[in-house]
Amino acid sequence: MRKVPFFDYPRLFNDEKEQLLEIINQVGSRGAFILQSDNKAFETKLAQYTESNYAVGVGNATDGLELSWMAVGLEKGDEVILSSHTMLATASAVVTAGGTPVPVDIGYDRLIDPEAIEAAITPRTVGISPTQLNGRTCDMERIMKIANKHKLAVVEDAAQALGSSFKGKNAGTFGLAGSFSFFPAKVLGALGDAGGVVTNDSEIYEKLYQLHDHGRDTEGNTKSWGRNSRLDNLQAAILNKKFETYDQVIARRRKIASIYDERLKHVEQLRLPNAPGTQEDHFDVFQNYEFEAESRDELRSHLSNNGIGTLIQWGGKGVHQWEALGFNLTLPEVEKFFERCLMLPMNMFISDDDVHYICDQITTFYEKK
Ligand SMILES: Cc1ncc(COP(=O)(O)O)c(C=O)c1O
């Protein structure tokens, strides 16, 4: 039987073993481990790629979000509105920075609903943290209009969206700061934890820089309290190499999404994401291929029995549905969504034949029902 794992972690290393060992050898021989030239080069590349004024390499995207909120100056009781369909990290970063996360419902596009944002604004609201989910940027025009009207800070969770854009403007660059993840399974994936924050605001940049390196500025002078969340220089060197082919990686993912769309769009039991190129305002990088399916759990078992790995994002619940976190909310669209959502394999290791095999299995499943 053909096997298509959801994500083949060993291949991340094994497919490029020679090149990666060469980088480790090179960086190791230079003793270039912390805040070295590879890190600087990566920050420059990240800023250029996203068309931002500044970028800071950090330990991971969660830290990037937390440090961004600290740089904004979140205080106890300050509320930040975010989608309940996001990784807990978007919310936990608000908590660890001292604020209160306010999860809201998703709209028709499954991203944060701008109307729900407006409805959740209280005198304590200070910010919005939209998640650019699955490699797709929200309608940031509407969100920035709300933010500007109510004088709210925007920190984008762009962990899944490097290279994605809305109306030609890149994810991560609409608000005060945007945080990207380079977790191994991300479109740009390191061999461990890694992240980066971009900003166009020089004050936020200075604060972010200090916060991520014990309060020191770029000259090494201590200016404030801080902590340690530096991007590992070895990971930066690996990311620099991977950045060279990043646009090809995005093109391949969009091709896979097009095949899924072409093969599955007639299956009436499914609701698919928008196919690449079908909406003028959006350029999506397809971090994930997440869709909604009738009889989702049965479909998932059928795919698993036929060697196909799938995933339900975030362990199958929205942020507000985790009882241990103490939310007392009902968000109907998110709750319905988590009964139907599923992610199919979407990565550089799958062939066109694999994608067709997955689609064959899905169509067979619904034909037999
Ligand atoms: C939407 C979203 N936010 C935040 C994160 C956290 O990223 P990291 O693992 O780099 O901290 C992730 C990673 O999976 C994510 O997908």
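No lab work stands behind these numbers, since they all come straight from the coordinates. Being a predicted model, the structure only gives us computed values, none of them experimental. FYI the Cβ positions are ideal-geometry reconstructions off the backbone, even for glycines, and counts take in every protein chain you see.
Things worth noting here:
- GNM remark for the chain: springs join alpha carbons under 10 Å apart, and the peak mean-square fluctuation among Arg296, Arg340, Arg227 falls on Arg227.
- In this label model, Ile34 and Glu141 are separated by 4.7 nm, measuring between points 7 Å along each Cα→Cβ vector.
- With a threshold of 27 Å on the Cα-Cα distance, the over-threshold entries among Lys186/Lys255; Lys3/Lys241; Lys145/Lys265; Lys265/Lys368; Lys167/Lys265; Lys145/Lys255 are Lys3/Lys241; Lys145/Lys265; Lys145/Lys255.
- Convex hull projection area averaged over all views, the chain, Cα basis, nm²: 18.5
- Selection of trypsin sites (Lys or Arg not before Pro), the range 2-56, meeting DSSP coil and at most 13 other Cβ within 10 Å: Arg2, Lys3
- Integer Hz, Karplus 6.51/-1.76/1.60 couplings in order for the range 224-233, x for Gly and Pro: 6, 6, x, 9, 10, 9, 8, 6, 4, 5
- For Lys207, the lysines whose Cα falls under 25 Å of its own Cα, not counting residues fewer than eight places away in the same chain, are Lys40, Lys45, Lys76, Lys151, Lys169, Lys223.
- A P(r) calculated from all alpha carbon pairs of the range 304-348, with 10 Å bins opening at zero, reads 23, 43, 23, 11, 0 percent.
- Close amide-amide hydrogen proximity is noted between Arg216 and Lys223, each under 5 Å apart and 5 or more residues distant or on a separate chain (H modeled in the peptide plane; Pro and chain starts excluded).
- Within the chain, longest stretch clear of exposed GluC sites (Glu not before Pro) (DSSP loop, no more than 11 other Cβ within 10 Å): 76-218
- Pairwise Cα distances in the range 323-369 exceed 16 Å in 63 percent of cases.
- The calculated Kirkwood hydrodynamic radius for the range 161-243 is 13.9 Å, given to one decimal from all distinct C-alpha pairs.
- Sites excluded, chymotrypsin sites (Phe, Trp or Tyr not before Pro) in DSSP loops with at most 11 other C-beta within 10 Å, longest stretch of the chain: 226-369
- Computed E for Lys76/Glu115 - FRET, C-beta separation, R0 30 angstrom, nearest 0.05: 0.60
- GNM top mover of His282, His356, His85 - the chain, alpha-carbon springs below 10 Å: His356
- Residue-span extension gain [Thr218 to Ser295] - 0.36 nm each, minus C-alpha spacing: 22.3 nm
- Diffusion constant of the range 210-369 at 20 °C, which comes from Stokes-Einstein with the Kirkwood Cα-pair radius and 1.002 mPa s, µm²/s: 113
- Over all orientations, the range 1-124 has a Cα convex hull whose mean projected area works out to 12.3 square nanometres.
- Relative contact order (%) - the chain, alpha-carbon pairs under 8 angstrom, separation at least six: 21
- Where the alpha-carbon atoms of the range 109-177 are placed on the principal axes, they occupy 35, 23, 19 Å, in descending order.
- Phi-derived couplings, Karplus 6.51 cos²θ - 1.76 cosθ + 1.60 at θ = phi - 60°, listed residue by residue for the range 70-82: 5, 5, 5, x, 4, 10, 3, x, 5, 9, 10, 8, 8 Hz, with x used for Gly and Pro.
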